[in-house]
Amino acid sequence: MSVLKVKDLVVEYSTVYGVLRAINHLSFEVGEAESVGVVGESGSGKSTLGLSVVRLLPPNARYAGGSIILDGQEVTRMSNSEARRIRGTTAFMIFQDPLNSLNPVKKVSTQLLEAVEMRCKKLGETYDVEKATREVVEKIRAVRIPDPELILERYPHQLSGGQIQRVIIAMALLMRPKLLIADEPTSALDVTIQAQVLKLMNDLKKEYGMSIMFITHDISVAYNISDRIMVMYAGELVELGSADGVIRSPMHPYAKALIASIPRGVMRDAPLEPIRGSPPNMIHPPSGCRFHPRCPFVMDVCRREEPREVGQDGRVVRCYLYG
Amino acid sequence: MDEPIVRAVKLRKYFLATKHGILEALFRRKPLYVHAVDDVDLEIRRGEILALVGESGSGKTTIGRILATLEKPTGGELYFEGERVTPSNVKQVRKKIQMVFQNPMESLDPRMSVRQVVEEPLRTLGLSGDERRRRVEDALTAVGLEPSIFNHRRPRDLSGGQRQRVAVARAIVSNPKFIVLDEPTSALDASVQAQVLNLLVELHRTHGFTYLFITHNISVARYIADRVAVMYAGKIVESGDVRSVMSEPRHPYSQALLKSVPTVERRGLEPPTGEVPSLIAPPSGCRFHPRCPFVMDVCRREEPPLLGADSVSVACWLYGAKRVESDA
Amino acid sequence: MGVKEIVKKFLGYRGTIPTATVVKEGRLSGYRFYLDYLIKDKVAAVALAIITLFTAWSVVEGTLQYVGYATRHRALGWALLPSNPIALNFAASLHPPSLSHFPVYIFGTNFSGESILSRLLYAAPKDALAAYLVVFSGIIIGMLVGTFAGYFGGWADEVLMRVTDAFLALPGLVLAIALSVLLGSGYNSVLISLILIWWPTYARFFRAQALSLKSRGFVEASKLSGQNSLMIILRHIFPNSVDPVIAYAALDFGNVILTYSTLAFLGIGIQPPYPEWGSMSSNGLPYFPQNWWWSIIPGLVIMTVVVCFTLIGDRMQDLIGGRLTY
């Protein structure tokens, strides 16, 4: 039973330049207690994907096709009040910029207690302050913040980026979501802090059985936190498979090129192979396969028609090289 | 190699932590300082690429700016090509130094055309208009931007990678001896980052520039540098030949740093505990001691000096006061 | 369409473009883009049309009035108007709005029988001149003070900002009244007092811009390239400070007109028999509500012009602030 099932999703933005199709017929699933890494560069649509699952798209975006089934409920056709109910409790989203994630005029303890209160209201439980406080302290400890009592009494501006992200993760644990969507949660953090937060998320996933959808542009980070990896390009899924599978034997030319462009070792030993060309224009995307202008293996058919997703044994690829 | 092109001796840079203006002076408040860079010695040899690696608060950007003469050090001396840099000769020295900044969107004037941007360093050199135009075209071609197409474009019409190339073109057009690059690829996508890195390597090969490459990305530092210096809380904790430092880091912080970097080679990160210390009141003795798994009594009391042979230097009491044996 | 939809349309949808959309055609700044955009947004287009009409008329009528005054042919001032705005005509006193003698009586007349429409049209250039002159002087003075303070910092900054604070602390209306006592109440003294109190906000604006631009890469690159401070300010700081100010200034024209009209309402500024929108409104108050047109219509006109300026300024701020709308 999958926690998230996205089928043939299409999301479009109306902009002053025209219609922008940010997600183009995307299908994938996230199972229970599984973490899926969504890897893509800017313009790939990965952030839009995260926002569309929790109905946080801006007003000029719309669901133009397909379905998103979150814990058995269809998200795209829900009413606003229903969407508000599932947001936070069924799926919880963590964003990139820690400084903007918390209310700056309320103490940490207040905000965490509010989260518990909200959860109780949405799930129909009774809210008891003492019980809630104990839960809050328990979860703050679970995210390995040193001196938890001190942190609870602080205001967000007194915390560091890493601490704020942990507080948000604690908030997520309090809401007990089935799915945690993290949109570049560690990109704004230092390397060592990022490692701490990633390790924490991994451990908590095992402990609480939470599914994670981890959105990032850094494929190395995705590799370290995901069971499966989905590579996106220009709003489409180009490759999906187990983390080891995709990294060790990438199939799609874009995935291959992405991995090959990571600096490894010293310059003189292994020169870098960049991906030629530039990211696509999303208002007027290339014809046929959207990667074809940059593909070293481009064939005639790639220029004319969009390849379909070809799947086998849990591996999905969108490329004519494979059928 | 003979005289290093850039030499910094006991550099110190303290910033005021809070505003200290007329009112504060009137009330005789004591000013608080951020010890961004504290007693740093650094040498860069002609034609080499030195990577300065560290996290936020390490002081690497500040050192870069001091070496680029954009900031005046609070203490210590800076030597360029053997000459001491003072306020009287800094204008002359600046003509031989250039810088590439981190954020490609911010480092180009959005109201100028590409040609105007790249031309700017040449305006004070007393060249003729034709000569300037020629040099701009050469620079643009060298960074892979066709002049006829890009001369009149504006930065807002360019992608991040293209903007960064323009920034590089601006940095090389005046033929500087020394280029400081402050996180030049951090704001770029992975695929574009590789393009820009290749470009920088190529230019280094053909023109023989000396680079100070500041980055928080270990993999990038390892790829591009000849030597690397690791910074923590305003001090250099380890420096040396890139292969030695990266494959066998000696300082506990370097070790922790390398174990925190996610790679596609192996899973499993082993981050250090704790966070970067406050620079207003840094820890006593060795600044890393509160987080160090090998902390000893002396670490809490005294700061270890940066000692070493040609190949590697470390600032850590684990290696005592005796010299570190070189690797090669 | 429900009420919600109508209000949403009026306020303008706020939406976003997903990051990193590389668009080859289409600009992201410059007059053409603002214009194209404002025209596409229906509400803003109407506002733009009204303001253009207002400004164009003010220029034409204002020039006529000035030429008339200079050549002692005052009648030029009302050559284009339906009727003489200051000619007493008690036979037509307090005539309600009607379509007779179109368009003279379309807004009715006041106690002296002067057509409200003619008086509104006659007074328009004064408002326009006040708006544009005060805002532009505010920008220029503010630009000099603010940029200098922001870029050089230190003592210059402290001193200049304290001076700015001092001017900011002056209550505008009170100052205007005081100056009108000193210099004699009249149009010029109102202009002077408005200019005196209007620049500090712009000084702060420009200072904030200078401060943020100072640390931008291209300014530092300029320094490295050997440019001196003056050149950096002229070539980099000034041109890049202007964009956000334009959007605010668009809003500000409306503010000036409102303040100017308020002063006129209180009796400071243009003196009778010459008309001014604000004073027309206040003079008509005793006759309200029976002869409502005298007081209400000038008020509506003020409101319309101010709202139009505000709408345009608001949309432009959205554009500049990156909140593009659909």
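Values for this structure:
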| quantity | calculated |
| --- | --- |
| Test: residue in the stretch A:280-290 that is buried (at least 22 other Cβ atoms within 10 Å of the Cβ) and at pLDDT 90 or above | yes |
| Any pair with Cβ under 9 angstrom, 6 or more apart, that starts in the stretch A:27-40 at a residue that is more than 18 Å from residue A:309 (Cα to Cα) and among the basic types (Lys, Arg) and ends at one that is modelled with pLDDT under 95 and assigned to a loop (DSSP other than H, G, I, E, B) | none |
| Unmet requirement for residue B:194, which otherwise passes all of (1) farther than 26 Å from residue A:43 by Cα; (2) more than 12 Å from chain C (Cβ to nearest Cβ); (3) of a type in the set (Gly, Ala, Ser); (4) buried (at least 22 other Cβ atoms within 10 Å of the Cβ) | (1) |
| Enumeration of residues in the stretch C:111-144 that are among the charged types (D, E, K, R), in a helix (DSSP H, G or I) and over 10 Å from the mean Cα position of the chain (by Cα) | C:119, C:126 |
| Residue C:229 touching a Leu at 6+ places or on another chain (Cβ under 6 Å) and of a type in the set (Ser, Thr, Tyr) | no |
| Search result, residues across the stretch A:138-191 that are among the charged types (D, E, K, R) and touching a Ser or Thr at 6+ places or on another chain (Cβ under 6 Å) | A:178, A:183, A:184, A:190 |
| Options B:115, B:163, B:156: the member that is over 29 Å from residue B:85 (Cα atoms), crowded, with 18+ Cβ neighbours inside 10 Å and touching a Ser or Thr at 6+ places or on another chain (Cβ under 9 Å) | B:163 |
| Cβ-Cβ under 9 Å pairs, at least 6 apart or on other chains, the stretch C:48-75 side β-branched (Val, Ile, Thr), far side not in a helix (DSSP H, G or I) | C:60/C:80; C:67/C:73 |
| Strands (runs of 3 or more DSSP E) fully within the stretch A:1-83 counting 3 or more residues that are among the β-branched types (Val, Ile, Thr) | A:4-15, A:18-30, A:35-39 |
| Residue that is surrounded by 20 or more Cβ atoms within 10 Å (Cβ to Cβ) and farther than 18 Å from residue C:136 by Cα, where the choices are C:208, C:249, C:221 | C:221 |
| Those residues of the stretch B:29-79 which are away from chain A (no Cβ under 14 Å) and among the acidic types (Asp, Glu), in sequence order | B:38, B:39, B:41, B:43, B:71, B:77 |
| Failed item in (1) more than 21 Å from residue A:49 (Cα to Cα); (2) modelled with pLDDT under 90, with residue A:166 passing the rest | (2) |
| Among the candidates C:194, C:179, residue that is modelled with pLDDT under 85 and away from chain B (no Cβ under 14 Å) | C:179 |
| Boolean, residue A:305 is away from every other protein chain (no Cβ under 14 Å) and buried (at least 17 other Cβ atoms within 10 Å of the Cβ) | no |
| Selection status of residue B:149, in contact (Cβ under 8 Å) with a residue 40 or more places away in the chain and hydrophobic (A, V, I, L, M, F, W, C) | no |
| Condition met for residue B:82 (at pLDDT below 90, out of contact with any His (no Cβ under 9 Å at 6 or more places or on another chain), away from chain C (no Cβ under 14 Å) and within 24 Å of residue B:219 (Cα to Cα)) | no |
| Residue in the stretch A:50-64 that is under 22 Å from residue A:279 (Cα atoms) and away from chain C (no Cβ under 11 Å) present | yes |
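Yes or no, residue by residue, for (1) in contact (Cβ under 8 Å) with a residue 24 or more places away in the chain; (2) touching a strand residue (DSSP E or B) at 6+ places or on another chain (Cβ under 9 Å); (3) assigned to a helix (DSSP H, G or I):
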{"site": "C:218", "(1), (2), (3)": "no, no, yes"}
{"site": "C:246", "(1), (2), (3)": "yes, no, yes"}
{"site": "C:260", "(1), (2), (3)": "yes, no, yes"}
{"site": "C:269", "(1), (2), (3)": "yes, no, no"}
{"site": "C:272", "(1), (2), (3)": "no, no, no"}
{"site": "C:279", "(1), (2), (3)": "no, no, yes"}
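The values are calculated or read from the model by the stated rules, or taken from the named source; none is laboratory data. None of these values were measured; they are calculated from a predicted model. Neighbour counts run over all protein chains shown; Cβ positions are idealised from the backbone, glycine included.
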